[in-house]
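The values are calculated or read from the model by the stated rules, or taken from the named source; none is laboratory data. Predicted model only: the values in this text are computed from it and were never measured. When we count neighbours, we look across all protein chains shown, and the Cβ atoms used for this are built from the backbone with ideal geometry, even at glycine. Heavy atoms of the whole protein, side chains included, go into the accessibility calculation; ligands, DNA and RNA do not. Shrake-Rupley method; radii C 1.70, N 1.55, O 1.52, S 1.80 Å.
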Amino acid sequence: MSNDHTQWRPQPLHFIFWILLLAGLPFDTVSVSSPILGEQSVESQQGDSLIQEQVVEGLRIQLEIEPLDGATELRQGVDARVTYTIRDANSGEPLTGLHPLSWMHGREGKFPPNKEQLKELVKKFLGGLISVPADHDLNKYYLLVLNGDRSISIIDPQISFSITKLRNLIGIPGDPVDWAIDEIHEKLLVTLPDEGQLLVIDLTRAQIEKKIEFGEGTEPVKVLIQENHEIAWVSLDGTDQLASIDLTSLEEGPRIALGKGRHVTAVDPDSNWLAATNTEDGTVTIVDLNDRSRVRTIEVGKTPLALQYAPLAARFLIACANENRLRVVDPERAQVTRSLEIPRGVVDVSVDPTGRFAFLASPSEGEVAILDTASKKLVDTITTALAPDRVICTSSFAYIHDTQRANIILVDLNRLARNELVVTELGIGRNSMDSTSAGRQITSLLAPTPEGNSMFVGNSADKLIYYYVEGMMASMGNFQTYKRIPRGVLVMDRSLQESGPGEYSTYVRFDRPGILDIPFLLDQPRALVGFEVEVKRDEQIPVLEVVTPVGVKFLEPEDKIRAGDQVSLRVVVTDSETGDPVDDLGDVQVMLFPLDGSFQERLAAKPEGDGIYQCLGSFPEQLRFGLLVQVESRGLTFRDSPLFEIPVYPGTKK
C-alpha cells in the first residue's frame, strides 16, 4: 500500500452501500412529515422540546429537538440536543443497536420535498461531496491533529472518493501543551503555558474565537472539561491555582488555590467532585463542585502524577511516580481508603468504559498493571511493552501506547472480565517513537472512533495517523500530516450516538433562521422518513446586509514552483462593480489542492494592501494544483470562485 496519500477507503464503501440501499427503497417505506403529507405525523409541544412522531414499516420514530437555553421554541443562534427515539410500533419496545443517518438542510423552494425528492436529497448527502453538503450533517465526525509546528489539522476521515481529507489547518500563536473538546458548544480549548493563555477555537469556523489571558508566569498546562459541559478547569502550574472557565460565556470564574507542583486533574462523571494533584507537596486537593468553598487537601505520597476517577468504586485512583503505591481516595470523606503496591513510575491511569478495570502504565519499568476497581485488587501485569505511557480503551479492547516501539498492545476486555488475560501485539507504522524528539505536549496519540471498534494511532516518527479496525492484523490505512509531526489526536464527534435504549442523540447549533427539511434513514428495517422544523429569527442578531460581491485574481509567482516548495501565494480582491481593490477583509480564505483531489489545505490569507492578500502554501508533490478563493463576508464562496490552475515541476535534487 502506498503511503503517498490516504489510501484507505472503507467509509466511501459504506456510503456506496447506503446509496445502493436507497436506490432499491420502495416508496411505501418513505414517509414525509409536512402540512400536506402528514397523515402519519404527530407534532406537539411538550415542555421545552419540539416533538414530532411518525409511524412507518412497523416503527414509531420520534424526533425531539430540545434547545439548551431552555426556550420553548427553536431560535437562531441556539444549541440544541437532537434525539431520535425508535420503538416497535406495536409493542413499544425500544430498538437498540441501530445505525441511523440524518441531515438537516434549508428548504429549497416553498414546499417540502415529496417522496422522490426526499430520496434524491439523501443521495446527494450520502455522496459526501464538497459541492452538496447538508447544512447540518448528523453523521459526521472529524479527526483533529495537534502538530509539532504550532498548528492543528482538521481531517474529515469520512469524505468519499477522491475528495480531500484535510479540511482546515489552524495556526497556533505559541507552543500548545494540552487540549480538550467541548462538543456541545463546538469549541476546542488549547493551553499555551509560555503565553499564559487558553485559546478557544470555534470548530464550526476553524478559527480562534478568543484568547483567555491568565497573566504572566501562570503557566496554564492541563485543561479538563466537566462531563456536563458547563465548566472547563485549567491548572495554572506557575501560580499553583485552578482556573474555572464558563463554557457558555467563556469568562473566567473564581480561582481555587492548590498546593505546589504540577497539577493533573480529574472529575467524576456526575460533575460532583474534582481532584487535582500537587506533585511537590505530595498531596491531592479535593473540590466539591456543588459547593466550591468546600476544598480539602490530603497527603497521598511522593510525586502524585497520575489520576483518574473509577465510577464503580466511586473513588479517585492516584499513582505516585516516585513510589510503588496506588492510593484509593474517597472524595466525600477526603480520605485514603486503600493503598496498593503497583509498579514504580506510573504516569498514566486509565479506566475502561465499564468502569471495572483500571490500567496503570509505567514507562520506566516497562509494565502495565491491571486493577479490578470493584474488588480493588491487582489482577495482572503486562510486561511485554518497553515504555508504555498511555492506555486508551474502546468497549472491547485496551490499547497500550509504547514510546519506544512502533507497535501497540491490545488487551481483550471481554476475556479479561472472564479472568483471562489475552494480549495481542500489532505493528502500527514503521518507526518507533523514540526516533523523534519528544514534544512538551501531554496529549494522547490514541483516539477511538465513534463507531467504537476502531482507533486512530498517531506516529510522530512516521508523520502519519494510522487507522486500525479491531479484528485486523494491521492498520487499514493512514492519513497524511504533510511532513508535520503529530503530537496528539482527538475526535470531534457530531454523529448520532445511542444515548439510551432506542435513543440516538447529538447536538446542533442552529445559526440561520428558516425551515429545515430533515431526512432520516434506517438500513434495517429499511425506512426513509422526512421531518421538518422551523428556526425562528432572533431579532437581537442583525440581519446580514446585502453586499456587493467581489472578484478575485491569482497573481502567479515569478519563479516555477517545484515539488517540496513552500510558496507565498497572493490573490487580488476587487469590487465587482467598480473594479477597485478591496482592503481590510478579515475572512479571505484560499483552498489549495491537487487536481486529482487527493488532499487540500484551507489557508487564511492576510492583507498586504492594494487589495492583495497573501498566504503560504505547500506543494509536496509534482502535481497540477488548483486554487479557489472564498470571502464569505462579500458573498464569494469556494463553490462560486473561479478555478486557478498551478503547475508544479520536479523538485531539485539535494
- [ ] Would you check if there is a residue in the stretch 299-316 being basic (Lys, Arg) and surrounded by fewer than 17 Cβ atoms within 10 Å (Cβ to Cβ)?
- [x] yes
TODO: Determine if the stretch 326-348 includes at least one residue that is in contact (Cβ under 8 Å) with a residue 12 or more places away in the chain, touching a Cys at 6+ places or on another chain (Cβ under 7 Å) and within 16 Å of Val411 (Cβ to Cβ).
DONE: no
Task: Hits in the stretch 329-343 (condition: surrounded by 12 or more Cβ atoms within 10 Å (Cβ to Cβ) and in a strand (DSSP E or B)) - done: Val329, Asp330, Gln335, Val336, Thr337, Arg338, Ser339, Leu340
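For (1) surrounded by fewer than 20 Cβ atoms within 10 Å (Cβ to Cβ); (2) part of a loop (DSSP other than H, G, I, E, B); (3) of a type outside the set (Lys, Arg), each residue gets a yes or a no:
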residue: Val573; (1), (2), (3): no, no, yes
residue: Leu585; (1), (2), (3): yes, yes, yes
residue: Leu627; (1), (2), (3): no, no, yes
residue: Arg639; (1), (2), (3): yes, yes, no
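Considering only residues that are touching a residue at least 12 places away in the same chain (Cβ under 8 Å), in a loop (DSSP other than H, G, I, E, B) and either out of contact with any helix residue (DSSP H, G or I) (no Cβ under 9 Å at 6 or more places or on another chain) or not small (Gly, Ala, Ser) (or both), which ones fall in the stretch 390-420?
Thr394, Thr403, Gln404, Arg405, Asn419
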Open item on the list: Go through (1) assigned to a loop (DSSP other than H, G, I, E, B); (2) crowded, with 21+ Cβ neighbours inside 10 Å for Gly261 and report which single condition fails.
Closed with: (2)
Task: Candidates Leu59, Leu13, Leu95, Leu37, filtered to the one that is modelled with pLDDT of 90 or more, on the phi < 0 side of the Ramachandran plot and open to solvent by 20 Å² or more (accessible area, probe 1.4 Å) - done: Leu95
Task: Residues satisfying the stated conditions in the stretch 344-355, i.e. part of a loop (DSSP other than H, G, I, E, B) and either within 20 Å of Leu416 (Cα to Cα) or open to solvent by 50 Å² or more (accessible area, probe 1.4 Å) (or both) - done: Arg344, Val347, Asp352, Pro353, Thr354, Gly355
Open item on the list: Can you go through Ala358, Ala385, Ala374, Ala369 and tell me which one is crowded, with 18+ Cβ neighbours inside 10 Å, among the small types (Gly, Ala, Ser) and in a loop (DSSP other than H, G, I, E, B)?
Closed with: Ala385
- [ ] Take the stretch 324-352 and flag every residue that is of a type outside the set (S, T, N, Q) and farther than 21 Å from Asp380 by Cβ.
- [x] Val329, Asp330, Pro331, Glu332, Arg333, Ala334, Val336
- [ ] Could you give me the residue pairs with C-beta distances under 6 Å whose first residue belongs to the stretch 623-643 and is over 15 Å from Phe554 (Cβ atoms), whose second residue is among the β-branched types (Val, Ile, Thr) wherever it lies, and which are 6+ apart or on separate chains?
- [x] Leu623/Val648; Arg634/Val547; Arg634/Val550; Gly635/Val547
TODO: Give the residues of the stretch 213-258 that are in a strand (DSSP E or B), open to solvent by 10 Å² or more (accessible area, probe 1.4 Å) and either under 25 Å from Ile170 (Cβ atoms) or among the hydroxyl-bearing types (Ser, Thr, Tyr) (or both), sorted by residue number.
DONE: Glu213, Val221, Lys222, Leu224, Ile225, Ile231, Asp246, Glu252
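With the requirement that a residue be among the hydroxyl-bearing types (Ser, Thr, Tyr) and either in contact with a His (Cβ under 7 Å, 6 or more places away or on another chain) or more than 12 Å from Val572 (Cα to Cα) (or both), what does the stretch 599-629 give you?
Ser618
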Task: Complete set of residues in the stretch 54-111 that are more than 20 Å from Val535 (Cβ to Cβ) and part of a strand (DSSP E or B) - done: Gln54, Val55, Val56, Leu59, Arg60, Ile61, Thr85, Ile86, Arg87, Asp88, Pro94, Leu101
Task: Residues of the stretch 497-538 that turn out to be closer than 30 Å to Ser151 by Cα, more than 18 Å from the chain's Cα centre (by Cα) and buried (at least 19 other Cβ atoms within 10 Å of the Cβ), as a count - done: 1
- [ ] For the stretch 318-331, name all the residues that are of a type in the set (Asp, Glu) and at pLDDT 95 or above.
- [x] Asp330
Task: Set Leu569, Leu603: member being assigned to a strand (DSSP E or B), touching a strand residue (DSSP E or B) at 6+ places or on another chain (Cβ under 6 Å), in contact (Cβ under 8 Å) with a residue 12 or more places away in the chain and under 19 Å from Gln480 (Cβ atoms) - done: Leu603
Task: Among the candidates Phe554, Phe520, residue that is touching a residue at least 40 places away in the same chain (Cβ under 8 Å), within 30 Å of Arg75 (Cβ to Cβ), of a type in the set (Phe, Trp, Tyr) and out of contact with any Gly (no Cβ under 7 Å at 6 or more places or on another chain) - done: Phe520
Task: Matching option when the condition is of a type in the set (D, E, K, R), surrounded by 18 or more Cβ atoms within 10 Å (Cβ to Cβ), closer than 21 Å to Pro388 by Cβ and in contact (Cβ under 8 Å) with a residue 40 or more places away in the chain, among Arg494, Arg487 - done: Arg487
- [ ] Please indicate, with yes or no, whether at least one residue in the stretch 457-470 is within 25 Å of Asn168 (Cα to Cα) and of a type in the set (Lys, Arg).
- [x] yes
